[in-house]
1. Sort L89, L176, L157 so the one with the fewest other Cβ atoms within 10 Å of its own Cβ comes first.
2. Please turn the phi angles of the range 189-200 into ³J(HN,Hα) values with the Karplus equation 6.51 cos²θ - 1.76 cosθ + 1.60 (θ = phi - 60°), one per residue in order, whole Hz, x for glycine and proline.
3. So between T140 and S80, what do we pick up on full extension, going 0.36 nm a residue minus the alpha carbon distance?
4. Long-range amide H contacts for T183: which residues qualify at under 5 Å (H placed 1.01 Å from N, peptide plane, sequence gap of 5 or more or a different chain)?
5. How do I181, I83, I195 rank when sorted from fewest to most other Cβ atoms within 10 Å of their own Cβ?
6. Could you tell me which residue out of L165, I195, L102 lies farthest along the dipole of the range 97-223 toward its positive end? Charges go on the beta carbon: Lys and Arg +1, Asp and Glu -1, centred on the Cα centre.
7. Taking H as built 1.01 Å from N, whose amide H comes closer than 5 Å to the amide H of I166, not counting residues under 5 places away?
8. Take the Cβ-Cβ distance between E53 and L165 as r, set R0 to 45 Å, and report the resulting FRET efficiency rounded to the nearest 0.05.
Amino acid sequence: MKTSKLKNIILSIFISFAFQYNANAVCTYASPLEGSEFQIGNMISWSTAAEYESKLFIIEKSENGIDFETVGKLEAAGHSTAIKEYQFLDINAKEVFTMYRLKLVNSDGSHSFSRIAIVQKTMENNFMIVAMSSTIVNETFEAQIDATKKMEASYQLLNLKNEVLIEDKISLINGLSNLIIDTKDLKEGTYKLNIQVDSEVERLVLRKTLDAVQKDNFASKSK
């Protein structure tokens, strides 16, 4: 990113923050909004020390610090004087430079904005999981993988002793591909799923249950 472009973005952040911050917010943050990069996406986290009449946290993101779009919502505590921790994983984070903010909506309809957190991606990201069924599994686990080109991925399902229980490969297209893993023969418990292309790895944790789990539908398409 060129220096002049970076300066313009930072300037837009301060302008946006100055005009949009509400000093009458009914939320006291214990730790400010922060963003961290992971292979699977950007993890957004924050915590509050006190909340009064808080209703909803809306997570928004932007590429320029001015135009924001909603990427997720989390229910707020309402009334609390204890530390409350929040996290949101943006699995659709593909841009190198992304800005996040919180829009706190109160029970009376008023709202306030948090400070802006910036996440700059440095990890290689030729593929990513963009959708998946519940990580609490019964008979199958399904994930939708978005790849930037045709490639072959390998995947392993391991127990907590790092013993490989399932191992296979999948051919990814330029676009969306579906990965389906048969889990009906697994015992109840916690498992680790690794999906890898060269040195790039996506990691998930699954929990097997014998209870019925609602199944989601995925559709594949190429770019």
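Computed from the coordinates by the stated procedures, all read-outs in this text should not be read as laboratory data. It should be emphasised that the depicted structure is a prediction, and the values quoted were computed from it without experimental measurement. No Cβ is skipped: glycine too gets one built from the backbone with ideal geometry, and neighbour counts run over all protein chains shown.
1. Values: L89 14, L176 18, L157 21.
Sorted ascending by nearby Cβ count, the order is L89, L176, L157.
2. x, 10, 9, 10, 10, 10, 10, 9, 10, 6, 8, 8
3. 17.7 nm
4. HN-HN under 5 Å from T183: T140, F141.
5. Ascending number of Cβ neighbours within 10 Å: I83, I181, I195.
6. With unit charges placed on the Cβ atoms, the residue in question is L102.
7. The answer is L157.
8. The computed FRET efficiency comes out at 0.40.
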